[in-house]
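Asker: Sharing a structure, written as structure tokens. Questions coming.
The values are calculated or read from the model by the stated rules, or taken from the named source; none is laboratory data. Treat the numbers as computed from the prediction; the structure is a model and nothing was measured. So basically every Cβ, Gly included, is an ideal-geometry build from the backbone, and we count neighbours across all protein chains shown. These area figures cover heavy atoms from the full protein model, side chains too; ligands, DNA and RNA do not enter into them. Shrake-Rupley method; radii C 1.70, N 1.55, O 1.52, S 1.80 Å.
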Amino acid sequence: MVSKLNIANTSLKKALPRPQLGINLWSQNAKAKVITQVVDEYGNVNDEIFFFSFDGVIQPLDPEEIKVKPEGQWSWDWWWFHTKENVQLKTNDRMFYRGIEYKIMNKKDYGDYGHIEYHCIRDWQGNAD
């Protein structure tokens, strides 16, 4: 007899993305700058800048993933940023990597499995390369 726990673990392993192998094989150690917005006690919005090092991979988002986005966002320049769980960015943070600005639009925290996945866009203010 197969226990329910074994069935659950088996189906869970098939359903979870497994980019950790890719992160370990293709990642590079790099540095980036992040601008995050914070609200002070008076309601003023201020930018905070910090630099961080990371091991990760950045690549264009798959067309299948883009089609899941709202239709008005299909033409946006979407990117995937996979990193190990030590990088903690927030939605709406702006990340500068290799001179290109990305805006974090979505975060999928797979920290229990060793990585975090961010969906981000380039050229979000019309600043063409």
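Asker: State all residues of segment 79-100 that are within 11 Å of the chain's Cα centre (by Cα) and open to solvent by less than 70 Å² (accessible area, probe 1.4 Å); if no residue qualifies, say none.
Answerer: Matches in segment 79-100: Trp79, Trp80, Phe81, His82, Thr83, Lys84, Val87, Leu89, Asp93, Met95.
Asker: Here's something else I'd like to know. Ile104 - would you say it is in a strand (DSSP E or B), open to solvent by less than 60 Å² (accessible area, probe 1.4 Å) and at pLDDT 90 or above?
Answerer: Yes; evaluated as a whole, the condition is true for this residue.
Asker: So Lys67 fits all but one of (1) free of Cβ contacts under 8 Å to residues at least 12 places away in the same chain; (2) surrounded by 12 or more Cβ atoms within 10 Å (Cβ to Cβ); what number is the exception?
Answerer: Failing condition for Lys67: (2).
Asker: Ok, one more. Output the residues belonging to segment 77-101 that are modelled with pLDDT of 90 or more and not in a strand (DSSP E or B).
Answerer: Residues satisfying the conditions are Leu89, Lys90, Thr91, Asn92, Asp93.
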